[in-house]
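Take this structure, written in structure tokens, and hold onto it; I'll ask about it next.
The values are calculated or read from the model by the stated rules, or taken from the named source; none is laboratory data. These figures come from a predicted structure and were not determined experimentally. In this analysis, Cβ positions are derived from the backbone assuming ideal geometry, glycine residues included, and neighbour counts consider all displayed protein chains.
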Amino acid sequence: MTIDDRFARDFRDDDPDEEFGTRNEIITGPVADWATDFSHVELEWSADPYPIQDDLRQRCPIAHTGRFGGGWLPTRYEDVAAIAYDTEHFSSRSIIMSNFRPPHEIAPVGGSPPISSDPPFHHDARKLLLPAFTKAAVARQEPATRAFCHSLVDAFGERAVVDAASEYAQHIPIRVIADMLGFPAEDGPRFREFVENTLEGVNLPPDERIERMQQLFDYLLEQIRDHLDHPRDDLTSFLVNAELYGRKLEADHVAGTMALLLIAGIDTTWSAIGASLWHLAKNPADRRRLVAERSLLPTATEEFLRAYAPVTMARLVKEDIRWHGVDMKADDWILLSFPAANRDPAQFDRAGEVVIDREVNRHAAFGLGIHRCVGSHLARMELRVALEVWLERIPGFTLEDPAAVRWSAGQIRGPRTLPLRIG
Amino acid sequence: MKVQIDSERCQGHGRCYDLAPALFGEDDEGYGQVLGDGGVPPGEEHDARLAAANCPEHAITASEES
């Protein structure tokens, strides 16, 4: 019997947030001028955003759009860092740039704490999670991750062409986070749907978007109730029992954090693994060097994270402000592009090149400031193990068909179709 | 040579204890910690400089002792 009142009813029944907030017109279609009309969900951006970012950095450097109800895109490292550090003027109340702005009252907690939280609440919500994600804690997942990577390669059999995105990269973070949250491993395919709905569905009609998000929270509530009946040593039971300010977490805090760990833990790492393999498939000299010089892999991994940083965040402007030469309005979006920051020549030598033995690499792939990715140690472990196993088992591989490679749209960018020829 | 971490700036990226494990460790929440008194033993100077140069938050200094 479930005796925890927090989850006895559907916690969304007494949550009015759904009905408030601001919606605006959905604008899609080709971009005329990236400086005045940018959109990170258009095909041209997802296929290759770097020339666009480089051009904007030269001539703009803070682009604007009227889409999504209005927003700004800084492209210099200095500007991206300044906004990441400035929680006084920029809120994390929503970190996915879409056509919906949640109500102001949702701050400082937000829908998925702590990524959606502002100070001072942010610090306390984050502190709860940190011990589970230290380098030492995630090292305990490494043997199982390695064995799982081997089993994925085993499953390729004798085939000469495999899809490294859908048959390899994708499955690794799904399995790892399912284990950590204590979700059934066979539910993996549903997680992919949840991820796509959350991050790639930003231009869907509102009703459809809400319906799809409901499916995610239905699933999480199902898992929470199962953990109440059958407590175990995993992150779900931990969150259900965790306390803040002397009392257990609110139901929507528990579910929101679980949603965050599930969504943010999957397609980010999937993208980083896929982009690294894509690079190595296209650059035989780098691939051969890493196969021969395995100790270089950690350095190379950091360079892949810099050059192909998968994650772009968003912020909302708190109040009208003149900022670095542009007039930002309250509730304008900021598309906080760590990928653009990571390719700023003012910050990095040979910024546009992938230099796999780059020794000094102060990149911002995991963000900067108080919202540094809480899963960064887990992501680095998964990425390193995924590449080690792949290079050990499949030292020779090339792109089967460059035109067939498909990249995800939206704030998380990585290959979703990546046919590679083995040998 | 001596290393220091500015704990106000450190956000727990962990580059220091990845790159210079003889000089830095992590605390229970993943924030970087200087091991011992921060003195850099002979042979560890390169790692000390590497850790300082790779900290995304500019939280680490590696300075010559006066």
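Which ones in segment A:107-124 are of a type outside the set (Val, Ile, Thr) and over 23 Å from B:GLN33 (Cβ atoms)?
Initially, segment A:107-124 is screened for residues of a type outside the set (Val, Ile, Thr), giving A:107-108, A:110-114, A:116-124.
If the condition is that a residue be of a type outside the set (Val, Ile, Thr) and over 23 Å from B:GLN33 (Cβ atoms), then A:ALA107, A:PRO108, A:GLY110, A:GLY111, A:SER112, A:PRO113, A:SER116, A:SER117, A:ASP118, A:PRO119, A:PRO120, A:PHE121 are the ones that fit.
Can you tell me how many residues in segment A:354-405 are over 11 Å from B:HIS13 (Cα atoms) and aromatic (Phe, Trp, Tyr)?
Residues flagged as over 11 Å from B:HIS13 (Cα atoms) and aromatic (Phe, Trp, Tyr) within segment A:354-405 amount to 2.
So for segment A:330-349 (the condition being aromatic (Phe, Trp, Tyr), buried (at least 23 other Cβ atoms within 10 Å of the Cβ) and more than 11 Å from chain B (Cβ to nearest Cβ)), does at least one residue qualify? I'd like the intermediate steps shown before the answer.
So the first thing to find is which residues in segment A:330-349 are aromatic (Phe, Trp, Tyr), and the list is A:333, A:338, A:348.
Cutting the leftovers down to buried (at least 23 other Cβ atoms within 10 Å of the Cβ) gives us A:333, A:338.
The next check asks that each one be more than 11 Å from chain B (Cβ to nearest Cβ); those that pass are A:333.
Scanning segment A:330-349, I find at least one residue that is aromatic (Phe, Trp, Tyr), buried (at least 23 other Cβ atoms within 10 Å of the Cβ) and more than 11 Å from chain B (Cβ to nearest Cβ), so the answer is yes.
If you check A:ALA364 against the conditions, is it among the hydrophobic types (A, V, I, L, M, F, W, C) and crowded, with 18+ Cβ neighbours inside 10 Å?
yes
Scan segment A:141-155 and give yes if some residue there is in contact (Cβ under 8 Å) with a residue 12 or more places away in the chain, hydrophobic (A, V, I, L, M, F, W, C) and within 14 Å of chain B (Cβ to nearest Cβ), otherwise no. Lay out the reasoning, then the answer.
Kept after step one, since they are in contact (Cβ under 8 Å) with a residue 12 or more places away in the chain, are these residues of segment A:141-155: A:141-142, A:144-146, A:148-150, A:152-153, A:155.
Filter again for hydrophobic (A, V, I, L, M, F, W, C), leaving A:144, A:148-149, A:152-153, A:155.
Then drop every residue that is not within 14 Å of chain B (Cβ to nearest Cβ), which leaves none.
No - not one qualifying residue is present in segment A:141-155.
Just to be sure before I move on: is A:ALA403 of a type in the set (Gly, Ala, Ser), part of a loop (DSSP other than H, G, I, E, B) and either under 14 Å from the mean Cα position of the chain (by Cα) or more than 14 Å from every other protein chain (Cβ to nearest Cβ) (or both) in the structure I sent? Can you show your working first?
Numbers: of a type in the set (Gly, Ala, Ser): yes; part of a loop (DSSP other than H, G, I, E, B): no; either under 14 Å from the mean Cα position of the chain (by Cα) or more than 14 Å from every other protein chain (Cβ to nearest Cβ) (or both): yes.
No; evaluated as a whole, the condition is false for this residue.
What residue, among those in segment A:86-124 that are within 13 Å of chain B (Cβ to nearest Cβ) and either aromatic (Phe, Trp, Tyr) or not in a loop (DSSP other than H, G, I, E, B) (or both), is nearest to B:ASP18 (Cα to Cα)?
This residue is A:HIS123.
Consider segment A:143-169. How many of its residues are of a type in the set (A, V, I, L, M) and not in a helix (DSSP H, G or I)?
In the first step, residues of segment A:143-169 are kept if they are of a type in the set (A, V, I, L, M); the result is A:144, A:147, A:152-153, A:155, A:160-162, A:164-165, A:169.
In the following step, the residues that additionally are not in a helix (DSSP H, G or I) were identified as A:155, A:160-162, A:164.
So the count comes out to 5.
In addition: Being touching a helix residue (DSSP H, G or I) at 6+ places or on another chain (Cβ under 7 Å), closer than 24 Å to A:THR198 by Cα, of a type in the set (D, E, K, R) and more than 14 Å from chain B (Cβ to nearest Cβ), is that true of even one residue in segment A:377-391?
Yes; the residues of segment A:377-391 include at least one that is touching a helix residue (DSSP H, G or I) at 6+ places or on another chain (Cβ under 7 Å), closer than 24 Å to A:THR198 by Cα, of a type in the set (D, E, K, R) and more than 14 Å from chain B (Cβ to nearest Cβ).
Out of all the residues in segment A:367-421, which are closer than 30 Å to A:LEU43 by Cβ, surrounded by fewer than 17 Cβ atoms within 10 Å (Cβ to Cβ) and acidic (Asp, Glu)?
Hit for segment A:367-421 is A:ASP401, nothing else.
Can you tell me which residues in segment B:53-66 are under 11 Å from the mean Cα position of the chain (by Cα), buried (at least 17 other Cβ atoms within 10 Å of the Cβ) and within 10 Å of another protein chain (Cβ to nearest Cβ)?
B:ASN54, B:CYS55
Mind checking whether some residue in segment A:84-93 is β-branched (Val, Ile, Thr), within 30 Å of A:TRP34 (Cα to Cα), at pLDDT 95 or above and surrounded by fewer than 22 Cβ atoms within 10 Å (Cβ to Cβ)? Steps first, please.
Within segment A:84-93, the first condition is being β-branched (Val, Ile, Thr), and the residues that meet it are A:87.
If we keep only those that are within 30 Å of A:TRP34 (Cα to Cα) too, we end up with A:87.
Now restrict to residues that are at pLDDT 95 or above: A:87.
Now restrict to residues that are surrounded by fewer than 22 Cβ atoms within 10 Å (Cβ to Cβ): A:87.
Yes: one or more hits.
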